[in-house]
1. List, largest first, the extents of the alpha carbons of the stretch 194-275 along their principal axes, each in whole Å.
2. With N set to the number of residues, divide the alpha-carbon radius of gyration of the stretch 366-430 by 2.2 N^0.38 Å and report two decimals.
3. Across the chain, how many lysine pairs separated by 8 or more positions, or lying on different chains, have Cα atoms within less than 20 Å?
4. Enter the per residue convex hull volume of the stretch 258-335, computed from alpha-carbon coordinates, in Å³ rounded to the nearest integer.
5. State, in angstrom, two size descriptors of the chain derived from its alpha carbons: Rg to one decimal place and Dmax to the nearest whole number.
6. What percent does the relative contact order of the chain come to when contacts are Cα pairs within less than 8 Å and at least six residues apart?
7. Where does the chain land at 222 nm, in deg cm²/dmol rounded to the nearest 500, when only DSSP H runs of n ≥ 4 count, each adding -39500 (n - 2.57), divided by all residues?
8. Around residue 285, what is the net charge, scoring Lys/Arg as +1 and Asp/Glu as -1 over all other residues with Cβ under 10 Å from its Cβ?
Amino acid sequence: MTSTAAAARRLLAELGLGEPSTAGDIVVRSPIDGEVLAALPAASPADARAAVAAAHAAFLHWRMVPAPRRGELVRRFGEILRGHKAALAGLVTLETGKIRSEAFGEVQEMIDMCDFAVGLSRQLHGLTIASERPGHRLMETWHPLGVCGVVTAFNFPVAVWAWNAALALVCGDAVVWKPAQKTPLTALACQALLAEAAAELDEVPAGLTAVLVGRREVAAALADDPAVALLSATGSCAMGRALAPHVAARCGKSLFELGGNNGMIVAPSADLNLALRAIVFAAAGTAGQRCTTLRRLFIHDSIADELLARLARTYAGLPVGDPRDEDILVGPLIDRTALVAQQTALAEAAADGGRVHGGEMIAVAGAEQGCYVRPALVEMPGQTLLVCRETFAPILYALRYRDLDEAIGLHNAVPQGLASAIFTTDLREAERFLSASGSDCGIANVNVGPSGAEIGGAFGGEKESGGGREAGSDAWKAYMRRATNTINYSHDLPLAQGVQFV
Ligand code: UN1
């Protein structure tokens, strides 16, 4: 196995960053082999407040730059990303342990987001509304909001920031980013590439974007700072619960994209070949470490034996190992804590009467410090407390059902509500799943797994998944403030609702 530290140094140089620091106390290790890639100095809450103040000063200038010109910055950034796709994807693999194809996909997601945001920079439109008063006009205007604080997780270390940053920048906002402590190098690389784009344009003020490598107190400082107009945070439900009261205490705006406990129903009429492929990608892909990972499978009794047998066979043959090898599909877990959570969950599943296939640790030569496991398929007797909990590991709980009402009931009976799917060729079942009495998630798919969303739609979930929406559709509205304007072009002053006064 080739050294991850040496590979990281080469990629960082290619991305315009020098030698990584080894002097700080934020130690970055590659989950591939546990080698230390860097040790970065930690930002303090005071550093966070200073970055926000600088970003706010930059915002006051940036908000007056016409939106299509702001789009030019994002357009150049997208072009630069295209030119550095392989290097950035390589770094994503080294920091997260994601396989090459998924790391390339993540950078592609950033590029798609840039393209989307550039188009949007000419479409930040409001409505004109019929006024009840003669000679009056009612309309709404969308204005830049301010500083957007972005907190991201290790599993999508660059794409989730791009969802936020590309929109925020065209919307006229400044962006202060606190990446996950485990993946700061990719964040510094993104910031360097964005700085390259900014340097080519006259209108981009210093301090418009910043990266704070730090611990959770930095995220708390962003949540507390009244100058952070929007806090957009992606991570666990626990992280959301910890940050939300800080933002709420100052009546700030927040956008939370938190955990998922995503389910799929496989109905009797399903195309099982499609279902099988969708299940394996959604449950075992990214080593089960997506917020959209498939964790609960509801299979109709009539097809359960066949599908479970095929799944168990496929799982047993999944290539697990160094994510840099082309034929590997499952890389390592992010760290030992994740491994302990995986093993604890499997022991609990067995104690609950679950039948566990796979889940064992796998030794990878030359990577003794890496945490590699075979994805687990667990036949559960029912939806126990364990099944209702999100364990961020490749564990798929399978349950049997008899009728669709029962399956939908079980599907919705968890605290999270992010992504969901049904595999069926029965139109009535598909429509029922998408209806008001169907899936209660922010994402509901038919014959498509719950993970791997395109950026064109709004991304996010309900209940403990946080309620925020990012990326496509009209998610941009969260990054702007809406002003309602009433304009009187008459010679009278009629009051609304027919009120009479002076
Ligand atoms: C996440 O895991 O936080 O839909 C985001 C997906 C990806 C994004 C996942 N496009 O699975």
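Laboratory data are not the source of any read-out in this text; all were calculated from the coordinates shown. Please read all numbers here as calculations on a predicted model, not as lab measurements. Reconstructed Cβ throughout: ideal geometry from the backbone, glycine too, with neighbour counts over all protein chains shown.
1. 59, 39, 23
2. 1.44
3. So the count of such lysine pairs works out to 5.
4. With only Cα atoms used, the stretch 258-335 gives 99 Å³ per residue.
5. My reading of the Cα-based Rg and Dmax gives 24.1, 86 Å.
6. Value for the chain: 18 percent.
7. Calculated at 222 nm, the ellipticity per residue is -12000 deg cm²/dmol.
8. Net of charged neighbours comes to +1.
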